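Right, one structure below, let's go through it.
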Amino acid sequence: MHVGNRSLDAHRLPEPLNRIATVGERLTIVAVGLVVVAFLTNPSPTQDLLGWGLPVTLPVSQPRWGHSVASYMIGMWLLEFTFPLALLGAYDRWADSKTASRRWLLAIPAAYMLVLSLYCRVVYVPNVTPTPLGPAATGLCWAYCATGIGLWSNLAFGTAGLGLIAWAASRREWQSDWLFAVLFGVFSLPLGVPAIWYGFRSRRRNDSLSNTDASGRSYLS
């Protein structure tokens with residue numbers, strides 16, 4: 001394969017990971033459906049979003065688990081673990097350029113974590129009692145929302161910033177962009193799965209380029 005003249009197939013996920021991403025996409029739809037059901041059955045499905053709810057609901061209601069009704073809690077926890085896989089699926093389907101790849105694998109996860117960290121700092125913890133039952137997109141966010149200890153919030157903001165640095169480094173095609181991506185991915189798990197995949201691909205690409213001879217042909221298959 002000639003480096004620099006890659007087909008779009010070179011950007012695609014390997015088949016096992018593609019299958020996992022496909023399952024993740026479908027479960028993401030299920031998760032959103034469970035959250036919608038919560039709004040249809042209870043006027044105030046969750047205390048996490050103050051004032052959110054429908055004025056008229058179905059003549060049934062769900063039991064509450066912690067701050068939220070059952071299907072909301074299940075749906076949001078499911079979403080936190082399947083959304084990263086849905087991002088991988090979107091990347092596999094629509095990333096037809098390096099810019100698009102960076103968007104799906106780095107920019108969106110980093111921005112998402114930044115927004116959620118801000119929400120937890122400004123809205124969630126000041127208005128509800130922190131609880132381990134609450135869903136969270138990353139381990140650091142969960143630690144903050146479960147305890148209310150500011151250190152975890154600061155670490156979450158720092159990790160989101162690291163994700164933005166990884167995105168900027170990838171745009172400038174730094175040799176070390178893969179390292180920033182992997183670090184962000186690990187510290188932001190489970191949300192960071194796409195970033196870890198980006199780091200893996202970027203490191204492999206760098207290794208491939210370092211093993212390219214003068215004719216431009218890679219020694220790696």
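The values are calculated or read from the model by the stated rules, or taken from the named source; none is laboratory data. Owing to the predicted nature of the structure, the values given are computational and were not obtained by experimental measurement. Heads up, the Cβs are rebuilt from the backbone with ideal geometry, glycines too, and the neighbour counts pull from every protein chain shown. With ligands, DNA and RNA removed, areas are computed over all heavy atoms of the protein, side chains included. Shrake-Rupley method; radii C 1.70, N 1.55, O 1.52, S 1.80 Å.
Values as computed for the structure displayed
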quantity: Among the residues listed as Arg93, Arg102, the single one being closer than 24 Å to Leu13 by Cα, part of a helix (DSSP H, G or I), open to solvent by 50 Å² or more (accessible area, probe 1.4 Å) and not aromatic (Phe, Trp, Tyr); calculated: Arg93
quantity: Tally, over the range 115-136, of residues that are assigned to a helix (DSSP H, G or I), of a type in the set (S, T, N, Q) and under 17 Å from Met76 (Cα atoms); calculated: 1
quantity: Filter result (under 17 Å from Gly139 (Cβ atoms) and either more than 12 Å from the chain's Cα centre (by Cα) or modelled with pLDDT under 95 (or both)) within the range 78-101; calculated: Leu78
quantity: Residue check, Pro109 modelled with pLDDT of 95 or more, crowded, with 24+ Cβ neighbours inside 10 Å and touching a strand residue (DSSP E or B) at 6+ places or on another chain (Cβ under 9 Å); calculated: no
quantity: Selection status of Asp48, among the acidic types (Asp, Glu), surrounded by fewer than 19 Cβ atoms within 10 Å (Cβ to Cβ) and at pLDDT below 95; calculated: no
quantity: Conditions (1) surrounded by 14 or more Cβ atoms within 10 Å (Cβ to Cβ); (2) modelled with pLDDT of 90 or more; (3) not polar (S, T, N, Q); number of the one not met by Leu54; calculated: (1)
quantity: Filtered residues of the range 152-177 (kept if hydrophobic (A, V, I, L, M, F, W, C) and under 15 Å from Gly139 (Cα atoms)); calculated: Trp152, Leu155, Ala156, Phe157, Ala160
quantity: Search result, residues across the range 156-170 that are in contact (Cβ under 8 Å) with a residue 24 or more places away in the chain and either outside any helix (DSSP H, G or I) or of a type in the set (A, V, I, L, M) (or both); calculated: Ala156, Ala160, Leu162, Leu164, Ala166
quantity: Filter result (surrounded by fewer than 17 Cβ atoms within 10 Å (Cβ to Cβ) and touching a helix residue (DSSP H, G or I) at 6+ places or on another chain (Cβ under 6 Å)) within the range 63-81; calculated: Pro63, Trp65
quantity: Residue check for Val186: open to solvent by 10 Å² or more (accessible area, probe 1.4 Å), touching a residue at least 24 places away in the same chain (Cβ under 8 Å) and under 13 Å from the mean Cα position of the chain (by Cα); calculated: no
quantity: Test: residue in the range 171-179 that is open to solvent by 30 Å² or more (accessible area, probe 1.4 Å), assigned to a helix (DSSP H, G or I) and closer than 22 Å to Glu80 by Cα; calculated: no
